[in-house]
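**Q** Dropping a structure here in structure tokens format, bear with me for questions.
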Amino acid sequence: MPDVSGVDKVFDYSVPEKFAAVLNVGDKVRVTLNNRRVGGWVVDISQSQSGSYELSPIVSASGVGVVADVVPLTQQVARRWGGSWRSVLVSASAPKVRLERGSASRRTKRRASEGTTSDNEAAGQLPDGDVLVVSPPSRSVMSLVEQCAVAGPTLVVCPTVKMALRGAASLRRRGFSVASYPDDWSEAFGGVDVVIGPRTAVWAPCPGLSAIVVIDEHDEAHWEERVPTWNALDVARMRAATSTARLVATSTFGSLKSRTAFAQIVHETSNRLWPKIEVVDLLNPELTGGLRSNLLTRPVLEIVGNAGTEVSTTVMVLNAKGRARLLACVSCKETQRCAHCESVVVQRDDELFHCPKCDSTRTPICQKCGRTSFRFVRLGSTNVREQLNASMKGRVVNVEGYEAGRGDIVVDTETALHRVDEASTVCFLDIDSELESGRLDAITSTLSSVARAARLVGSKGRIIVQSRNISHPVLVALASGLLDDVLDKELEMRRSLNLPPFSLIVEATGEVNRLDDIQLPLGSSLAKMSSDRALLRFADDEAMWAVLSQVKASAGRHVRLAVEPYRQ
């Protein structure tokens, strides 16, 4: 398979005798293609040649690129998610071509009962087979990894590099030999007790693989953003099935797909490991001062008013950048829209009006009455920072200006939850923008954000969730700590409407009008969301593959297909 963009085809080459003894499936080589030297992967080796034509020889052998037993899996993933085989091989390749493997460094392990006793008693012994473990955000999952590693070599997939590094340090203190992927690729290839890393670690070498552990399986970081949009948990399930390893996934609530995919679900309930979650009504005039657009309610102001005297950080999340997301003229009350496409404009930091749809800009002047004074109907994160800077003692910064241990008030998008190391309080200024966005993943993404915030503040911290619909079932469940009923009802609704995870969604972007002539099988549907975006729904994999092959043949590069994207 050549490492050339746009070429998704396997070519045959002969193997010179000097490479025959050292060449293996998955190795990187140099070959001649179309009169130029290119790199590529060996995806199969045959002892005989079919046909009477003469093959070009391999020019050179570079070293190990992809683990041999992972190569067939990369082809399956490319087909399953409707992408190119080359793209998956790039994701699965070693960060550098390896000429030598590291030496095996597995250690004789203590029995599970002789491990970290308190952790094992808290976590309990896992049942045999594949299992989903639902545990509070403050619970350490390293004890679960230890149970798997005692039984045999274990591959651990984390949502972030930071979590992987901390997990590796914890496991080394427990006496395990650990390889951090991708830096310790050679050590992992040689053989260790635990291989741990971010999303791409699902492709990591792990000789004698016994178990795969996917931490925070609900986290969107486990989704590949580029096509093919594979998911680390699904790839881990496919790899575990082909290698007879067990699959263990952990989550703070259990995603909808995992609740249907796992036959065994273990709940570790403990309210004391959840922080205090307070729901604030944005429609209460006593809390907002009578202003419907006011996000700085009384509970929020009380917290940030004391933030300057403490060393702990306060994080305020608002998924809306810039100065304002919706503006109205003070004089004529007209909502400000784009002069070209009539879409609602936003105000950038340079105060110009910008249209996100057609990317045009204009001066901040009302097109109806010519006035220049506007009311912020929906605030952006820059507005909130400016208001707080005018009245608060503490340092109010965005995530770029954050420094640990300084007692900052960080006002930014959800990015702050990934960049801040520790906080005493997290406030979601307007949770409705995510929870009531109308997307299929709205509930999952909202719970994922709250779970990330809960891990950030710890069990003794505080989370404030502001909403204009405090009776929403998800908010009621968060306040009470009972999420299972809400998720079960959501699953029943989706089952009745044949929505994911009981069907497959493919997002098509680009020239979606080319999809009009596609023949859809029974049970499939096409819904155009806009002039350049459409959603296709399929009952099963076979129906999806049949249609994707049609789209690739007729539309080619004019349409981008994302199978089961996180944001639906």
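**Q** So, in Å, what gap is there between the alpha-carbon centers of segment 442-519 and segment 362-384?
**A** 32 Å
**Q** What residues have an amide H closer than 5 Å to that of G380, excluding those fewer than 5 places away on the same chain, when H is modeled at 1.01 Å from N in the peptide plane?
**A** Amide H to amide H, under 5 Å and 5 or more residues apart or across chains, G380 pairs with A324, R325.
**Q** If you don't mind, another one. Pop out the ³J(HN,Hα) list for segment 224-237 in order, Karplus 6.51 cos²θ - 1.76 cosθ + 1.60 with θ = phi - 60°, rounded to Hz; leave Gly and Pro as x.
**A** 7, 6, 7, 6, x, 8, 6, 10, 4, 5, 5, 5, 4, 5
**Q** If we restrict to alpha carbons, what Rg and Dmax does segment 112-271 come to, in Å?
**A** Reported Rg and Dmax, both Å: 14.4, 45.
**Q** Follow-up. State, to one decimal in nm², a quarter of the convex hull surface area for the C-alpha atoms of segment 503-563, i.e. the direction-averaged projected area.
**A** Numbers: hull surface 13.7 nm².
Averaged projected area of segment 503-563's Cα convex hull equals 3.4 nm².
**Q** Compare the Cα positions of A508, P473, G461 along the charge dipole of segment 449-521 (+1 at Cβ of Lys, Arg; -1 at Cβ of Asp, Glu; about the Cα centre) and return the one farthest towards the positive end.
**A** Of the candidates, G461 comes out farthest on the positive side.
**Q** List the relative contact order of the chain as a percent without decimals, with contacts defined as Cα pairs under 8 Å and 6+ residues apart.
**A** 12 percent
**Q** Of A201, T425, Y53, whose Cα points farthest to the positive end of the dipole of the chain (charges on the beta-carbon: +1 Lys, Arg; -1 Asp, Glu; origin at the Cα centre)?
**A** T425
**Q** In debye, nearest 20: dipole of segment 154-285 around its Cα centre with unit charges on the Cβ of K, R (+) and D, E (-)? Kindly include the intermediate steps, with their values, before the conclusion.
**A** Values: 14 positive and 14 negative charges, 72 e Å.
I would put it at about 340 debye.
**Q** Do any trypsin sites (Lys or Arg not before Pro) in segment 454-543 lie in a DSSP loop with no more than 14 other beta carbon atoms within 10 Å, and if so, which?
**A** Numbers: sites: R455, K460, R462, R468, K489, R494, R495, R514, K528, R533, R537; in loops: K460, R468.
Here the trypsin sites (Lys or Arg not before Pro) that fit, given the DSSP loop and packing criteria, are K460, R468.
**Q** Give the calculated FRET efficiency between V10 and S437 to the nearest 0.05, with a Förster radius of 41 Å applied to their Cβ-Cβ distance. Please report the intermediate quantities before stating the final value.
**A** On the way: r = 42 Å, r/R0 = 1.03.
That gives a FRET efficiency of 0.45.
**Q** Given axes a ≥ b ≥ c from the Cα gyration tensor, I'd like to know whether segment 140-189 is rounded (a/c under 1.5), prolate (a/b larger than b/c) or oblate. Each step should come with its number before you reach the end.
**A** Values: a/c = 1.59, a/b = 1.14, b/c = 1.39.
Oblate.
**Q** May I pose another question? Do any chymotrypsin sites (Phe, Trp or Tyr not before Pro) in segment 1-87 lie in a DSSP loop with no more than 11 other beta carbon atoms within 10 Å, and if so, which? Let's see the in-between values first.
**A** Details: sites: F11, Y13, F19, W41, Y53, W81, W85; in loops: F11, Y13, Y53, W81.
Sites meeting the loop and neighbour criteria: Y53.
**Q** Right, something else. How far, in degrees from 0 to 90, does helix 381-391 lean away from the longest principal axis of the Cα atoms of the chain, to the nearest 10?
**A** Roughly 50 degrees, rounded to the nearest 10.
**Q** Filter K257/K489; K96/K162; K460/K489; K96/K257 down to the pairs with a C-alpha to C-alpha distance above 24 Å, please. Before the final figure, lay out each step's value.
**A** Values: K257/K489 14 Å; K96/K162 22 Å; K460/K489 30 Å; K96/K257 35 Å.
Table pairs above 24 Å Cα-Cα are K460/K489; K96/K257.
**Q** Calculate one ³J(HN,Hα) per residue across segment 484-500 by plugging θ = phi - 60° into the Karplus curve 6.51 cos²θ - 1.76 cosθ + 1.60, and present them in order as whole Hz with x for glycine and proline.
**A** 4, 4, 5, 5, 5, 5, 5, 5, 5, 5, 5, 5, 5, 9, 6, 9, x
Quick note: the coordinates plus some simple rules give every number you see, no bench work behind them. What you see is a predicted model, and the numbers here were worked out from it, not measured in a lab. Heads up, the Cβs are rebuilt from the backbone with ideal geometry, glycines too, and the neighbour counts pull from every protein chain shown.
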